[in-house]
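Each remark here refers to the structure printed beneath this line.
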Amino acid sequence: MPAAAAALTLRYGAGAEPKAGPWSDTIALMLSHRSVRGYKPDAPPPGTLETLVAAAQSAATSSNLQTWSVVAVDRPEARAELAAIAGNQKHIEQCPIFLVFLADVSRNGRLAAQEGTELAGMPYLESFLVAAIDAALAAQNAVVAAESLGLSTVYIGALRNDVTRVAALLGLPPGATPVFGLCVGYAAPGREGEVKPRLPQAAILHRETYDADDQGHRAAYDPRMAEFSRRNEMAGDTWTKRVIARLGTMKALNGRDRLKEKLIALGFPLK
């Protein structure tokens, strides 16, 4: 199990890794995931986009409702505006494939109108939650597929900074909203990224009942994240400081504190 042990050490850090169990190339690929924020301009082979979408559509979807969609954005001016919305993340403009994953109940709404009926369950929070989960499951399938082809990826949650502008830019109908973006492409030299350490499994995996006594796990994890931050010249230092910086002020939400009202305006009543 040397390959498994090495992959687990990379993901958790020496001394924090769980014991290696059953293994496969797919698991090795998943454990090697890292976020990449610099891309070559080289386009992937023809048909790559369609292959990634096929993988995405093969993810589980609640009750086969398929309440998600994805928009491939190529226009440079649209990419530039999306990058600005997302806090000037230039890799949105660099990557050869940029996808915006949507929670999308509009298609089922059109189905109901065409069939002359009403979907009484549509206006509820549950329907939005199902759509957002569908989009996330689909996107993760696309990420695993992309990385299996030697491509790199990074999610862009900051599109939620202004879902109204994104919806207008992409011409979304009522009942469709961006959940996140996804950059796909070949990593630029020196921008390949590094496997980021995760919390110890003992902080995440609970057996029978939830164990909230996790201060010790955080204390062990903070130094590993601090070292990762130093190697990668990232602000925030420890995981503790990152959590506080990200959630400790309203300013850090970058407008997402008004997300509920914007979702309602985009056709998600959230009853």
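The values are calculated or read from the model by the stated rules, or taken from the named source; none is laboratory data. Note that this is a predicted model, so its numbers are computed, not measured. Here the Cβ positions follow ideal geometry from the backbone for every residue, glycine too, while neighbour counts run over all protein chains shown. Note: accessible area is taken over every heavy atom of the protein model, side chains too, but ligands, DNA and RNA are not part of it. Shrake-Rupley method; radii C 1.70, N 1.55, O 1.52, S 1.80 Å.
Listed by position, the helices (runs of 4 or more DSSP H) contained in segment 113-226 that have at least 2 residues being open to solvent by less than 70 Å² (accessible area, probe 1.4 Å), modelled with pLDDT of 95 or more and out of contact with any Asp or Glu (no Cβ under 9 Å at 6 or more places or on another chain) are 125-148, 163-170. Counting just the residues of segment 12-37 that are part of a loop (DSSP other than H, G, I, E, B) and either in contact with a strand residue (DSSP E or B) (Cβ under 7 Å, 6 or more places away or on another chain) or of a type in the set (Lys, Arg) (or both), which one comes out least open to solvent (accessible area, probe 1.4 Å)? Checked segment 12-37; the qualifying residue least open to solvent (accessible area, probe 1.4 Å) is VAL36.
Step by step: first the residues of segment 12-64, then only those that are among the basic types (Lys, Arg) and in contact (Cβ under 8 Å) with a residue 12 or more places away in the chain, then the one that is farthest from VAL195 (Cα to Cα). Which residue is that?
So the residue we want is LYS40.
Identify all residues within segment 75-99 that are open to solvent by less than 10 Å² (accessible area, probe 1.4 Å) and under 18 Å from VAL36 (Cβ atoms); write none if there are none. LEU82, ALA83, ALA86, ILE92, CYS95, PHE98, LEU99 - these are the residues of segment 75-99 that are open to solvent by less than 10 Å² (accessible area, probe 1.4 Å) and under 18 Å from VAL36 (Cβ atoms).
One residue stands out in segment 227-249 among those that are open to solvent by less than 80 Å² (accessible area, probe 1.4 Å) and outside any helix (DSSP H, G or I): the one that is farthest from THR9 (Cα to Cα), namely THR249.
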